[in-house]
Amino acid sequence: MKKIKNSAYLFAVLMLIQLLFLSFTPNVKANSEIPIQYYQNLEFNKPYVYNVSQFGDPVGWYNFTPWPEDSFEGNWRTNPGGQIKINFTGFYAKDPNDWGNVFEDPIPWLDIEILEHNLGILDTNFTLSNRSNSEVARALTLGYNMFQPGFLIPISNLTYIEQLALNQADPGGLYDIKGEVNIEETYNFIYIGFEQIEGNQKTYLIYEKKSGVLVWAKTSVFGYLLEVRSLNFTLDYTSGFNYNVLQFGGAVGWYNFTPWPGNSYEGDWKTNTGGEIVVNFTGFYNKDPNDWGNIFDDPIAWFDIAIFENNSGILQTNFTLTNRSNSEIAWALTLGYNKFQPGILIQIMENITRVKKLALQEAEGFVSGVVNIEESDLTIKIMFIQDGGGQETSLIYEKWTGLLLWTKTSVGSYLLEMVIDGYIPWELKTELPPRTNFLLDFLPYLIIISISFISAITTLIASKVNSKVKEFNKYILVAIIAIASFTSFFVFTSSLEVGEVNKPQREVEDITLIVDYGNGTVKIIENFDLTDYNTTAFDALITWCKVKYHDYGDMGILVEEIDGVKGNWRYTVNDDFPGVSSNKYNLRDGDTVKWIYG
């Protein structure tokens with residue numbers, strides 16, 4: 001009986017200790033699974049490691065509980081060559097004493113270890129277990145105001161994340177640090193930069209879009225400075241890189257390096273607007289011994305490549321090759337100039353200064369031209385224009401990976417513009433110098449005027465010799481003026497370039513299609529989206545109707561039949577006639593396309 005009584009006392013004491021412990025523990029509950037808005041293959045119980053490249057003054061760490069009493073955890077510090085290691089422990093509600101974070105529950109919690117580099121040895125300086133991402137973000141200044149993304153952001157709606165970041169540029173209220181926010185997206189990354197106005201804080205963060213994990217940060221306020229870079233991120237070479245073709249002109253011969261020069265012709269390849277070029281990475285190898293000359297050092301990337309044409313919305317294979325060097329692909333697609341042949345992937349992008357140097361020094365070579373280089377936070381654009389006309393090549397690469405994002409390149413009748421799926425090219429502040437020759441521009445008009453003048457003088461002279469001609473002078477002169485006017489108008493309209501409204505869009509939303517068959521039947525489809533750069537007025541039509549048409553190449557497509565109804569079909573966008581072929585008119589969000597039988 002006594003043993004039972006003692007056991008009861010022991011059980012009561014243990015329960016009391018447990019209750020006391022719970023009273024000092026945040027009232028949070030872990031998710032049994034990763035929340036749907038976060039990356040589903042997030043690694044648990046495996047450290048994410050960051051190398052430290054810059055560090056300033058030591059910093060005090062203050063926790064949320066028990067805030068404000070006894071919340072000081074001590075000073076932490078690291079140094080160049082040091083590391084920060086984190087380990088995600090789960091997803092919980094924010095701490096009840098959280099100082100404010102716009103991210104909704106549940107948020108990530110993690111262990112953190114901070115190490116210093118001392119004579120080649122990494123020594124632990126500071127460790128904490130199971131702290132909220134919000135607390136870690138504030139302690140390391142991986143955020144600003146109430147935007148505290150820390151080491152992990154949700155990836156289900158990056159547009160929403162960008163809006164949260166922008167909203168906190170001038171929040172007012174408790175946190176009122178006014179600043180300027182800059183946001184940029186590429187194929188792999190999202191960049192968020194904050195610079196305080198009339199203040200000291202500067203915080204720049206780069207996250208991987210696929211996982212939402214922080215890959216780089218540089219942040220400072222007063223004497224504090226921290227720059228870290230992830231050791232966990234590597235470019236995903238396992239999946240193919242899909243490039244959407246925005247423009248194409250001229251079939252091109254493909255010549256390989258082996259067996260160059262004999263039997264090196266592989267055949268002609270071509271694609272078209274709406275087509276695709278897909279490359280799959282096969283490995284890093286030395287350049288082909290017969291490489292025509294590429295300034296990049298071994299080893300370089302090798303790829304399989306497949307080129308597709310778009311035929312009425314169906315992708316059909318036009319050309320395929322296996323395991324070809326990046327250099328050969330660069331030459332075949334004109335993704336470079338002279339011996340600067342970066343192709344699909346620049347493997348030395350960690351030394352961006354050298355990349356720029358190589359690009360500039362190859363302005364002279366097989367051809368001479370002007371090289372212009374521009375940079376954004378995540379990209380570098382390299383532009384080459386040949387002296388006197390000929391080749392024009394523009395290339396945008398992701399600075400962190402060296403991956404080609406966009407190109408527009410031409411030489412002679414060949415033209416290729418393509419963009420990697422999921423990326424929208426940034427607008428350039430400075431375009432390449434235009435090749436303008438005013439004499440050539442006005443030459444057709446001079447010829448028309450000269451012929452008209454000679455015809456008129458000839459008619460007047462003939463009328464002096466033959467009185468019968470004099471009777472028709474007036475009609476002949478009217479005919480000459482009419483022909484000259486019509487010819488001038490034709491030359492002028494032919495020289496017009498497609499305006500901004502026809503710049504390709506990756507995706508458009510809330511499109512309405514109306515088809516008036518002219519027999520009392522009207523088809524209306526509302527609130528649909530177009531994607532993958534298939535966003536023209538023609539794309540809207542073929543998405544919902546059976547269409548027969550004739551393709552006149554650069555002049556565009558003529559629709560001849562819709563859903564079995566033949567006739568003279570015209571289209572409007574928002575009740576205006578665009579004046580260009582429907583496959584050359586790219587839509588905007590909310591546009592209404594109407595096809596009219598006539």
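The values are calculated or read from the model by the stated rules, or taken from the named source; none is laboratory data. Please read all numbers here as calculations on a predicted model, not as lab measurements. We place every Cβ from the backbone using ideal geometry, glycine too, and count neighbours over all the protein chains shown.
Let's see how each residue does on (1) at negative phi; (2) polar (S, T, N, Q); (3) touching a His at 6+ places or on another chain (Cβ under 9 Å); (4) at pLDDT below 95:
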position: Pro342; (1), (2), (3), (4): yes, no, no, no
position: Gly388; (1), (2), (3), (4): no, no, no, yes
position: Ser394; (1), (2), (3), (4): yes, yes, no, no
position: Gly402; (1), (2), (3), (4): no, no, no, no
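To keep it simple, each residue is scored yes or no on (1) exposed (fewer than 15 other Cβ atoms within 10 Å of the Cβ); (2) within 16 Å of Ala330 (Cα to Cα); (3) β-branched (Val, Ile, Thr).
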position	(1), (2), (3)
Arg229	no, no, no
Asp236	yes, no, no
Thr273	no, no, yes
Tyr285	yes, yes, no
Asp291	no, yes, no
Trp302	no, yes, no
Ile307	no, yes, yes
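Every test in (1) under 26 Å from Ser211 (Cβ atoms); (2) of a type outside the set (D, E, K, R); (3) in the same structural domain as Ile107 (by TED's automatic domain parsing) is passed by Gly74 save one, and that test is (1). In the condition set (1) among the small types (Gly, Ala, Ser); (2) modelled with pLDDT under 95; (3) part of a loop (DSSP other than H, G, I, E, B), Gly81 is compliant with all but (2).
Which one is surrounded by the fewest Cβ atoms within 10 Å (Cβ to Cβ) among residues in the stretch 530-572 that are over 10 Å from Ser582 (Cβ atoms) and hydroxyl-bearing (Ser, Thr, Tyr)? Among those residues, the one meeting the criterion is Tyr552.
The one condition from (1) at pLDDT 90 or above; (2) β-branched (Val, Ile, Thr); (3) outside the structural domain of Val221 (by TED's automatic domain parsing) that Val52 does not meet is (3).
Are there any strands (runs of 3 or more DSSP E) wholly within the stretch 305-405 with 3 or more residues that are closer than 26 Å to Val278 by Cβ, in contact (Cβ under 8 Å) with a residue 60 or more places away in the chain and not assigned by TED's automatic domain parsing to the domain that holds Ile183, and if so which? Fully inside the stretch 305-405 and qualifying: 314-325.
Restricting attention to the stretch 250-266, does a residue exist that is among the acidic types (Asp, Glu), assigned to a strand (DSSP E or B) and not assigned by TED's automatic domain parsing to the domain that holds Pro154? Yes. Filtering Thr493, Thr436 for residues that are within 33 Å of the chain's Cα centre (by Cα), surrounded by fewer than 18 Cβ atoms within 10 Å (Cβ to Cβ) and at pLDDT below 60 leaves a single hit, Thr436.
Count of the stretch 107-142 residues, restricted to those that are in contact (Cβ under 8 Å) with a residue 40 or more places away in the chain and at positive phi, is 2.
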